[in-house]
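J.: Got a structure for you, written out below as structure tokens; questions coming shortly.
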Amino acid sequence: MSIMLFVLIFSLAAIGIVVLLSRGQEVSGDEQDPEQKLSAEPSSIAASISKVFSKRKDDFGKAREAVAKSRFAMVPLLGVPPVSKNFVGRKNILADIFSRIKSGPVLIGLYGISGVGKTTLAGVLVKKLMTRFDAEPIYVDMLGFAPNALSPDEAMSRVINLLAPSKKFLDKEPQKGQLYTALLQRKKYILFLDNVPNLQSLKFLLPPNNCALIVTSQKPLPAPNIVAKKINPLDTGDAQKLLLKTSSRTGFWGNEISKTCSDFPLSLVLAGQYVATYQNEDCSKFLDSLRLGLKEVQSRPGDPVQKSLDVVLNICYRSLSEKAAGVLRKLVLFPESFDRKAAIFLCEDSDNEHLISLLSLGLLSHNDESNRYYFHPQVRRFLMLRLKEGEKALAEKRFAAYFLTVIIAAGEFYAEGGKARAQGLNLFDVEWENIKKGRAWAEANSEQDQEADNLCLSYAEAAASLLDHRKSPAEGLQWYQVALDSAKRLNEEEAEAKYHLLLGTSHTQLDQGEEALGHLETALELSKQTGDKTTEMKALGQLGLAHRVLGKPHRAIEFLEKELHLLQQSEDPQGEEFKLENLGRVYFEVGDTDQAIEYYKKELELAKESKDTKRQGRIFGDLGEIYISLQDLENAIENFDKGLALIQKSSDKREVILLLGKLGKAYTQALKFEKALSYYQKGLALAQVLKDRNKVCLMTEQTGHLYLKSGNYREAIDFLKKALVLFQKSGDKVKEGETMWKLAQATRLAENIPGAICLAEEALSLYQKNQRLSMDDTRETIEKQIVEWQETAGVSVETVIKPVLKPEEKVSD
């Protein structure tokens, strides 16, 4: 906390955020109308931040928390933009689309120039389709060809975050894609992907067939079975209707204005809103300006429709006061949507007059549901060309300072837990692109600007927990390396230790053990020098995990036990159960089952004290696994039963499936196949109800393995084939290899030697390519078995391989 205090105060105070936030008159008194209260809010924020600066270290957290809670509310995510009440035309296109999607999967593609009305038409399609689909539609703007265009992976993450907001980030792409599909299978969603840049992005994000998919793009995307429609400018009659709906003052001049605007929807809307805004200006004067502007650009290369749009935009822009135009140019720095408070601070527009005028002209848009502002891509493009370097530099510095307070607020909510944690994640998700841009400015200027160095430190510390929850460890590496460089330049040893620790942790999460060790050993050394026991303890724990990644479990145990000792000696030994769990797991890996059981039982006592039934259930499951390895099936089943009863109380159905699978495994080893089958069937049925493809794969494979053990080879082949297809679709090469090998054995035992050899060779190829599959001696077993099967082709099955199961013997997995 002390590092954060000094760094935050230094960075914000140096930039002058308190002074900047304080500009504008405070509104006092109890009888304020809502608009007055909103206008006063930035000043109240400034007052709160000022209190933070004046607080002692011990009071800093409370003051900062008060700032966070006074400013932010939950924002709906990925809502479809509202359809304008002025929408007209497109009847033939709508009729043709609906005639072609009466049955089967719904995949609709709308393409055409930006501003032609694709998004609005897609919104109409969504509204009409909602009678056939039972879930709220999901909207993702992929930002097309913008500099900050979304990657397909980021778009997928946003959908996952919406449907499973508490889910931690999945770094492995196959698992992420599998979760994306499983979540979308739960209901009949309409997925609306706006401004898709290419066919590759579309294919990556294809939903399951129970969902409808609507995509917009500038060029056609030739996906299989897509109903594709090119969207052109409006018919002349519809163009005049749109203009008249936007402003009734255009009536007499409507035909000429729409013709001069090439019947292009965005040009017509901007023209109409200009005429509606400037009531004292005659429409003929606007038309003259439009014609003059077109004459000036006539000789320039380019599409006539685009040129007419730029002329209309220029007329609207030139009508603004210098102050309003400056506000507009600064607002374009927001990479995506933004709220009113951020706009007021960035542009020093405390009375809100300019936001209102920009909305009335159509240069800025507002989503009433999310209460956020945004730009049409064409307007953004136009304004980016007019942003002045001097004002950009100052505005970007303000931008970075403001969004540091946002990420601090999100971190405060997240740390509180419960409902507040959900609010922190929501704030982080909504503002992610803005936060990222603010930090990027700090990074770009850090080597020349000490204020930027301090901002780098503050951003990284404030975001650490949220980055771990929401983003790839690779993203964390970038943030923490920059912060480490800043800490070195500022001679902040305590901060250096912290960022070495975070870098080491991220490398461990990426299975980069050697890289992790260098950072973690430095963190340990620096923390001892500065007397920072918290960082020292964490470094010891992460060194243990890094050595485990490197396949050095005994060395891992040394560090994990030192970490546990330090924690137990501290005044507040929170998290002891996690340290005990880590030690139990590693001792089990090295075969010291007595020590593993001892640590798990200590963890169990802590879980009972805290009345954490879900953790208790998982611990009983871990203990059961140890007893399975010892062939103590009675104790294994007893622990699994206890675990299942506790997990069922916690209502975590996915954990229930895992315990059902473990009981099936134990009863299989006990040769009680009917009992084992009943547990697998329950687990499979529950996984199918939850539409959890991961668990369906697991239960299907385990059921096939049961039939293989029991000698029912045809049923084994049937289930293992189904499991293999599921694992291949999910991209899980480890489970694919393991299942392929089991299928090869079942096929051989069913007396199909050629088929078994083909399957075994495919399994061997997977084992040779995947490091995780090569960690035991299975690869050598497969190679040996292939040779034996080839040599003994035509010989009875018993001479080739022993039956997997004999009634009198126990068989281990």
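J.: So which of Val88, Val124 ends up being without any contact (Cβ under 8 Å) to a residue 60 or more places away in the chain and more than 23 Å from Glu431 (Cα to Cα)?
T.: Val124 is the lone residue from the list that is without any contact (Cβ under 8 Å) to a residue 60 or more places away in the chain and more than 23 Å from Glu431 (Cα to Cα).
J.: In the set Leu202, Leu193, Leu162, Leu125, which member is closer than 28 Å to Leu333 by Cβ, modelled with pLDDT of 90 or more and part of a helix (DSSP H, G or I)?
T.: Unique residue meeting the criteria: Leu162.
J.: A further question on this structure: Counting only residues that are free of Cβ contacts under 8 Å to residues at least 60 places away in the same chain, open to solvent by 10 Å² or more (accessible area, probe 1.4 Å) and under 26 Å from Ala763 (Cβ atoms), give me the helices (runs of 4 or more DSSP H) lying completely in the range 647-734 with at least 3 of them.
T.: So the answer is 673-690, 693-710, 713-730.
J.: Contact list please: Cβ distance under 8 Å, first residue in the range 191-202 and touching a residue at least 24 places away in the same chain (Cβ under 8 Å) and at positive phi, second residue part of a strand (DSSP E or B) and open to solvent by 10 Å² or more (accessible area, probe 1.4 Å), pairs at least six apart or on different chains.
T.: What qualifies is Asn195/Asp141.
J.: On to the next question. Looking at the range 425-437, I want the residues that are on the phi < 0 side of the Ramachandran plot and have a partner that is among the polar types (S, T, N, Q) and in a helix (DSSP H, G or I) with Cβ atoms under 9 Å, at least 6 apart or on another chain. Which pairs are those?
T.: The qualifying pairs are Leu425/Asn161; Asp429/Asn161.
J.: Let me ask something else. Scan the range 256-273 residue by residue and report those that are open to solvent by 20 Å² or more (accessible area, probe 1.4 Å) and in a helix (DSSP H, G or I).
T.: Glu256, Lys259, Thr260, Leu266, Val269, Gln273 - these are the residues of the range 256-273 that are open to solvent by 20 Å² or more (accessible area, probe 1.4 Å) and in a helix (DSSP H, G or I).
J.: Can I ask one more? Yes or no: the range 355-363 includes at least one residue that is crowded, with 20+ Cβ neighbours inside 10 Å and over 21 Å from Pro265 (Cα atoms).
T.: Checking the range 355-363: at least one residue is crowded, with 20+ Cβ neighbours inside 10 Å and over 21 Å from Pro265 (Cα atoms).
J.: Could you tell me which of the residues Pro224, Pro233 is at pLDDT below 90, assigned to a loop (DSSP other than H, G, I, E, B) and over 23 Å from the mean Cα position of the chain (by Cα)?
T.: Pro224
J.: If you check Leu107, Leu150, Leu143, Leu94, which single one turns out to be in contact with a strand residue (DSSP E or B) (Cβ under 6 Å, 6 or more places away or on another chain) and at pLDDT below 95?
T.: Leu107
J.: Could you tell me which residue of the range 76-95 is farthest from Pro233 (Cα to Cα), considering only residues that are open to solvent by 50 Å² or more (accessible area, probe 1.4 Å) and outside any loop (DSSP other than H, G, I, E, B)?
T.: Top of the filtered list is Ala95.
J.: Another one. Does Ile214 satisfy being touching a residue at least 40 places away in the same chain (Cβ under 8 Å), in contact with a Pro (Cβ under 7 Å, 6 or more places away or on another chain) and either closer than 24 Å to Leu129 by Cα or open to solvent by less than 50 Å² (accessible area, probe 1.4 Å) (or both)?
T.: no
J.: Can you spot a residue in the range 289-302 that is open to solvent by 40 Å² or more (accessible area, probe 1.4 Å), of a type outside the set (A, V, I, L, M, F, W, C), at pLDDT 90 or above and under 29 Å from Met142 (Cα atoms)?
T.: no
J.: Would you check if there is a residue in the range 354-368 being of a type in the set (Gly, Ala, Ser), over 27 Å from the mean Cα position of the chain (by Cα) and within 22 Å of Ala452 (Cα to Cα)?
T.: No, because not a single residue in the range 354-368 is of a type in the set (Gly, Ala, Ser), over 27 Å from the mean Cα position of the chain (by Cα) and within 22 Å of Ala452 (Cα to Cα).
J.: Ala420 is checked against (1) open to solvent by 10 Å² or more (accessible area, probe 1.4 Å); (2) within 30 Å of the chain's Cα centre (by Cα); (3) touching a residue at least 12 places away in the same chain (Cβ under 8 Å) and fails just one. What number does that condition carry?
T.: (3)
J.: Shifting gears a bit: Here is a check on your reading of the model: is Asp511 under 26 Å from Glu431 (Cα atoms) and open to solvent by 50 Å² or more (accessible area, probe 1.4 Å)?
T.: no
J.: With in a loop (DSSP other than H, G, I, E, B), under 30 Å from Arg439 (Cα atoms) and in contact (Cβ under 8 Å) with a residue 24 or more places away in the chain as the only criterion, which of Leu387, Leu383, Leu346 stands out?
T.: Testing whether each residue is in a loop (DSSP other than H, G, I, E, B), under 30 Å from Arg439 (Cα atoms) and in contact (Cβ under 8 Å) with a residue 24 or more places away in the chain leaves just Leu387.
The values are calculated or read from the model by the stated rules, or taken from the named source; none is laboratory data. All values reported here derive from a predicted model rather than from experimental measurement. Glycine also receives a Cβ, built like all others from the backbone with ideal geometry; neighbour counts cover every protein chain displayed. Accessible surface areas use protein heavy atoms only, side chains included; no ligands, DNA or RNA. Shrake-Rupley method; radii C 1.70, N 1.55, O 1.52, S 1.80 Å.
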